[in-house]
Amino acid sequence: MKRFVLFLTVSVSLSSYAEEKAPIEPRQHEGWESAYIDSNGIRLHYWRTGGENKPAMILAHGATDYGLNWASLAENFQNDYDIIMYDARGHGYSDKPEGPYDLATHVEDIKGLVEALDLKKPILMGHSMGGSTVALTAATYPDLPRAVIMEDPGDMILYLSPITQEMVASWKKMIAEEKEMDKDKLIEIARTKRHPGWPDIEYERWAESKLLVIPNILDITFGKGFGNPKETYPKIAAPTLILKADAEEAERKKHLELAALLHHGKLIHVDGAGHLIRLDKPEITVRLIREFLANVKL
């Protein structure tokens, strides 16, 4: 997770101007369903690749993203899996209540999604905040997932490098400011400063997600925050894969020590990858996931 310079305290309210600039209808993806379900007292939006008699796979995005940020990865697995990419509360086209946004609430949201869609032992994969969500879901409901995959999970990052509330206030300010920007401006920021080298379609999706998120989602940092892997990982019964961003040797050792708490898990550092491993190193990511799932009983 990036650390941001502290700014003055800001309001987290949404302006009508920003709402008008956000896409009104979900971006369509050929052959995929775009729909809504009720879960844990709110309406969640999701994209779904579909297909009968395929094992289900739920993809949980990171903070400030939305479901379709998973599209490129999902395209590699849609022939073999029924993939559900949902917008977490406060993100994308899902409901945006003032709160709560704690991790336990996100867990109940994903459990409600599983029940509403009548999914049988889905594979749970999550990035950053979503990684923390699927980890705590698997720890809280050990019989729910068939397998768990975490992409640079937030719980591991923040356990080893905690953030301050001043940093959170700065991040909220950035979210509010980006909602006021034109989509083209956001795309330029992503292309030149945040994520150079991505395919153009990824910039489109990234920009849309920033127009559709609200700053309150960062209230997840209150209380237990993104979770404590020392408490969560020993409770996960399902086979687990952690894909971790590149790191120095001392950091890698700490990551591996946390991953060793898993009963049936392993951690792989992806050389040269940043926080968004699947977009920085797409071919390696797909290969590692395929190798892991090949050993999971479907």
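Structure values in brief
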| read-out | value |
| --- | --- |
| Single match in ILE163, ILE149, ILE110, ILE157 (criterion: assigned to a loop (DSSP other than H, G, I, E, B) and of a type in the set (Val, Ile, Thr)) | ILE163 |
| Qualifying residue in the stretch 260-269 (condition: at negative phi and open to solvent by less than 10 Å² (accessible area, probe 1.4 Å)) | no |
| Residues satisfying the stated conditions in the stretch 87-108, i.e. of a type in the set (Phe, Trp, Tyr) and open to solvent by 10 Å² or more (accessible area, probe 1.4 Å) | TYR93 |
| Checking ILE175 against (1) assigned to a loop (DSSP other than H, G, I, E, B); (2) modelled with pLDDT of 95 or more; (3) more than 27 Å from PRO55 (Cβ to Cβ), the condition it does not meet | (1) |
| Residue within the stretch 147-154 that is over 14 Å from the mean Cα position of the chain (by Cα), aliphatic (A, V, I, L, M) and at pLDDT 95 or above present | yes |
| Number of positions in the stretch 275-298 that are open to solvent by less than 70 Å² (accessible area, probe 1.4 Å) and in a helix (DSSP H, G or I) | 12 |
| The stretch 1-49, subset open to solvent by 80 Å² or more (accessible area, probe 1.4 Å), out of contact with any Asp or Glu (no Cβ under 8 Å at 6 or more places or on another chain) and hydrophobic (A, V, I, L, M, F, W, C), residue modelled with the highest pLDDT | ILE24 |
| Candidates LEU243, LEU218, filtered to the one that is in a strand (DSSP E or B), within 24 Å of MET156 (Cα to Cα) and open to solvent by less than 30 Å² (accessible area, probe 1.4 Å) | LEU243 |
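The values are calculated or read from the model by the stated rules, or taken from the named source; none is laboratory data. Fair warning: this is a prediction, and the values are worked out from it, not measured in the lab. Note that each Cβ is placed from the backbone with ideal geometry, even for glycine, and that neighbours are counted across all protein chains shown. Each accessible area value is taken on the protein alone, full model and side chains, heavy atoms only, with ligands, DNA and RNA left out. Shrake-Rupley method; radii C 1.70, N 1.55, O 1.52, S 1.80 Å.
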